[in-house]
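Before we start, here is the structure in question, set down as structure tokens.
Nothing in this text is a laboratory measurement; each read-out follows from the coordinates by a stated rule. As the structure is a computational prediction, the values presented were derived from the model and not from experiment. Positions of Cβ are generated from backbone atoms using ideal geometry, with glycine treated the same way; all protein chains shown enter the neighbour counts.
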Amino acid sequence: MPSVYEYSKDELAELLVGEPRYRVDQVWHGLWTEGQAIEGITTIPKALRARLTERFPASLEVANDVESDHGATRKWVFRLFDGATIETVLMGYEDRVTVCVSSQAGCAMGCTFCATGQAGFTRHLSAGEVLEQVMFAARAAAPRRLSNVVFMGMGEPLANYLVTMDVVKRLHEYRGLSARHITVSTVGVAPAIERMAKTGLPLTLAVSLHSANNESRSELVPLNRRYPLERLHDACLYWMNTTGRRLSFEWALIDGVNDRESDLDELARYASSLRAHVNLIPLNPTPGYLVRGSSSQRVHDFREGLVARGINATVRNTRGRSIDAACGQLAAVTNARHKSIPVRPG
Ligand code: SAH
Ligand code: SF4
């Protein structure tokens, strides 16, 4: 399926040969600056809109559209051309508007506590399919401007490395979105973290750690058998030294599994050697994993324990839980410190 978002400006110009030269600028501006769908670019003639729409049919069909948190969180389930489904979540805050995108339909990593992991892998998304999620959300957010993109929806973005980087580059170059405002969340594909560091893009990196003990991490995150904590540590260090950027660890607190004093000690040791920030998320329950998230008291105490050990730690709230947002992953992108405000005006 071709997506107009996979075209460079020169490629678009080739497509529009025969049209006045300024049409290229109009279409480009409509697509990237205004985030319009082709039908919405009213500066160009209707016939041209129709021709372009025929060539680039919308690749996202809305299969479901729900909101929660009094309109501050909105989730779409999109059906793709081949029937695969993905999720995209838009979150409004006082100071920013963030979209959480999927990078794959399903995921092959098989993390036990994750709904996407439980469902398995369907396929990689194309750059166009990821960019269209961003642009769809940008339109829904208007008149507020979409300010942040996080790869925390379905899939492992670094397992779809080339597409993820292509999306980042296009958002940066064509949309003017700073790489700092784009967060790549990874389960810890060590060589890909290093490869990404070498691009020199000042992206925000979040590593889903969940355990700082090889035995228990391998249970939660099977990829740990391939890239154990020592290897992941090397990659994180390389990231910091190469990009000059800090990173953060995501830690979904699971009752009796990774919220004990020993877990606290192991995490503090691991995080402090990398001067990493820790984001604590109470586990969102999923059907395939019969344990509970830690109690709010335990979450609070765990954070205090980290702070007492000199670690920078925040607790994230579970935004969108009522709409089962992003397969229970949404918690990871939501920060309790920021006030939620509706993404839909009025
Ligand atoms: N594959 C990437 C990005 C998508 S998952 C990754 O794993 O980082 C986004 C985040 O949601 C990750 O931090 C993941 O660990 C977290 N997550 C997955 N299932 C969850 C659940 N049931 N409760 C809380 N967080 C969850
Ligand atoms: Fe995949 Fe991330 Fe879920 Fe693990 S947590 S299965 S890597 S989406």
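So what are the three principal axis dimensions of the chain from its Cα atoms, in whole Å, longest to shortest?
Largest to smallest, the principal-axis extents are 68, 42, 35 Å.
Based on the alpha carbons, how large is the Rg to Rh ratio for the stretch 4-55 when Rh follows Kirkwood?
That ratio equals 0.90.
Using θ = phi - 60° and the Karplus curve 6.51 cos²θ - 1.76 cosθ + 1.60, what whole-Hz ³J(HN,Hα) does each residue of the stretch 33-46 get, with Gly and Pro shown as x?
7, 8, x, 6, 6, 3, 4, x, 7, 7, 6, 9, x, 4
What residues have an amide H closer than 5 Å to that of residue 254, excluding those fewer than 5 places away on the same chain, when H is modeled at 1.01 Å from N in the peptide plane?
Counting only residues 5 or more places away or on other chains, the set is 259, 294.
Helix-only mean residue ellipticity at 222 nm, the chain, DSSP H runs n ≥ 4 weighted -39,500 (n - 2.57), per residue, nearest 500. What is it?
It lands at -10000 deg cm²/dmol.
Okay, next question. Expected output is a single nm value to one decimal: the length gained when fully extending between residue 81 and residue 314, i.e. 0.36 nm times separation in residues minus the C-alpha distance. What is it?
79.9 nm
A further question follows. So for 205, 237, 16, fewest C-beta neighbours within 10 Å to most, what's the order?
Lowest to highest Cβ neighbour count: 237, 16, 205.
Shifting gears a bit: Quote to one decimal, in nm, the extra length available between residue 144 and residue 180 on full extension: 0.36 nm per residue of separation minus the C-alpha distance between them.
Result for the pair: 11.0 nm of gain on full extension.
Give a residue-ordered list of calculated ³J(HN,Hα) values for the stretch 197-211 (Karplus: 6.51 cos²θ - 1.76 cosθ + 1.60, θ = phi - 60°; whole Hz; x for Gly, Pro).
4, 5, 5, x, 6, x, 6, 9, 10, 10, 10, 7, 8, 6, 7
Run the numbers on the stretch 29-123 and let me know its relative contact order in percent, using alpha-carbon pairs under 8 Å that are six or more apart.
Reported as a whole number, the value is 13 percent.
Could you pull out which residues in the stretch 85-121 have an amide N less than 18 Å from a spot 7 Å beyond the Cα of residue 63, following the Cα-Cβ vector?
Within reach of a label on residue 63: 85-90, 101-108, 115-121.
If you don't mind, another one. Ordered by residue, what ³J(HN,Hα) values in Hz, to whole numbers, does the stretch 278-293 give under the Karplus form 6.51 cos²θ - 1.76 cosθ + 1.60, where θ = phi - 60° and Gly and Pro are x?
10, 9, 9, 10, x, 3, 7, x, 10, x, x, 9, 8, 10, 10, x
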